[in-house]
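Scroll down for the structure; my scribbles are underneath it.
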Amino acid sequence: MSGATGYRWVQGLRQSYVKSLGENHQKEVVLVTGAYGQIGRDFMPILRQLFGESNVIASDIAKPTASKVVETYDNLKTIELDVCDKGAVRDAVKTFKVTRIVHLATMLSAVGEKLPIKAHDVNVQGTLNILEAAREIKVSTNGSKKMASVFAPSSIAVFGPSTPQDGTPDDVVCAPSTMYGISKHHLELLGNYYHQRYGLDFRSLRFPGVLSASDPGGGTTDYVMDMYNEALKYKQCTSFLSEDIELPFMHMEDCLRSAIELIVAPNNKLTRRVYNITAFSATPSQVYESIKKFIPEVQAQYEPDFREEIALSWPNSVDDSFARRDWGWQHAYDLDDITKDILDSLAAERMANMKRFRERLASRG
């Protein structure tokens, strides 16, 4: 993985985007919520490359004292923003004259089951506050006032135990059984409502498990990252799901590219506001077999916990043919590609950490 600022496809999308909008692209101001989460950390540099470094504002409930986002990117505009605070959200959109909101602030599935009321507050009330601010605060563009557009990810968690498990289509009865899934289904319904009632440009993707070398955020598919980390460190890895539980996945780069492609897609190409998206499906045993191709001596064990019940309510695979048809979505990474990429990234990070540790020891001597 080349690093976010090195993604060549970003420049291609930027050229296409600038051509379609003309001079208007210079007036875009993008507010990102949850900017320091798993997806936000990798999303920020791409958004800055696409929309311009000075046009992207990173927000989260608290500014981290040490963040790769803050350390790596100069002149990054950052604000503290609690999406549950309606007034603060409204003030941020108004003060910065925001034209696009990338709403990533969320509590994920496993954490959400431990703190369901908090998850509801963040995922439901937070989303409503974002949509209301976008509707109320209209920014002048070319002499007319427009609502900010909103991109807010959904999840395969919106599906439930009664949903068809294989090749789950976009249009199906959703009956989620977790607070995370319930809140994401609510997000979809709210987004569709604001689009139909007020004409707000709302767009969303039902992300599967997203895999990267970044620290995971407390989701049910985090077992994959646990296996990668443990395999590299101990040549022994444990999955908190049973070996035959199949779930959809995608690489972080594919995740980011799918989001950007949808964000900049011409409105007349879209046949819906919410799309399924995926790359492949895999089980813990298949992840283990993939790891063995690069670390042959690794051993695995399976110790299911409460997260297995969550996983069993999700589909084995999803049908994303609408995304592929409407705006040309194509994934780039399969399981073995991801395994190699993440193991290489984790190994490089370990080497860098060891080097820094030795340098600190030497400086004390």
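Quick notes on this structure:
- Residue within region 295-318 that is open to solvent by 40 Å² or more (accessible area, probe 1.4 Å) and closer than 30 Å to Q49 by Cβ present: no
- Where a residue in region 197-221 is in contact (Cβ under 8 Å) with a residue 24 or more places away in the chain and its partner, wherever it lies, is basic (K, R) and not in a strand (DSSP E or B), with Cβ under 7 Å and at least six apart: Y198/R135; L200/R135; F202/R273; R203/R273; S204/R273; S214/R41; T220/R307
- The residues of region 188-216 that are assigned to a loop (DSSP other than H, G, I, E, B) and either open to solvent by less than 40 Å² (accessible area, probe 1.4 Å) or farther than 20 Å from V122 by Cβ (or both), listed by number, are G199, L200, D201, P208, S212, A213, S214.
- Taken as a whole, the structure places V98 among residues that are in a loop (DSSP other than H, G, I, E, B), of a type in the set (A, V, I, L, M) and within 22 Å of the chain's Cα centre (by Cα).
- Hits in region 122-138 (condition: open to solvent by 20 Å² or more (accessible area, probe 1.4 Å) and either part of a strand (DSSP E or B) or small (G, A, S) (or both)): K138
- Any chance V70 is open to solvent by 30 Å² or more (accessible area, probe 1.4 Å), within 26 Å of S212 (Cα to Cα), at pLDDT below 90 and touching a strand residue (DSSP E or B) at 6+ places or on another chain (Cβ under 8 Å): yes
- Some residue of region 87-99 being open to solvent by 20 Å² or more (accessible area, probe 1.4 Å), at pLDDT below 90 and under 22 Å from S204 (Cβ atoms): no
- With respect to (1) within 22 Å of C255 (Cα to Cα); (2) surrounded by 18 or more Cβ atoms within 10 Å (Cβ to Cβ); (3) at pLDDT below 95, the lone exception for S345 is condition (2).
- Among residues of region 237-258, those that are open to solvent by 10 Å² or more (accessible area, probe 1.4 Å) and either farther than 26 Å from P164 by Cα or in a helix (DSSP H, G or I) (or both), counted: 3
- Filtered by the rule that a residue be farther than 18 Å from A311 by Cβ, at pLDDT 95 or above, open to solvent by 40 Å² or more (accessible area, probe 1.4 Å) and not in a loop (DSSP other than H, G, I, E, B), region 144-187 gives a lone residue, H186.
The values are calculated or read from the model by the stated rules, or taken from the named source; none is laboratory data. Being a predicted model, the structure only gives us computed values, none of them experimental. In this analysis, Cβ positions are derived from the backbone assuming ideal geometry, glycine residues included, and neighbour counts consider all displayed protein chains. The area values use the complete protein model at the heavy-atom level, side chains included, leaving out ligands, DNA and RNA. Shrake-Rupley method; radii C 1.70, N 1.55, O 1.52, S 1.80 Å.
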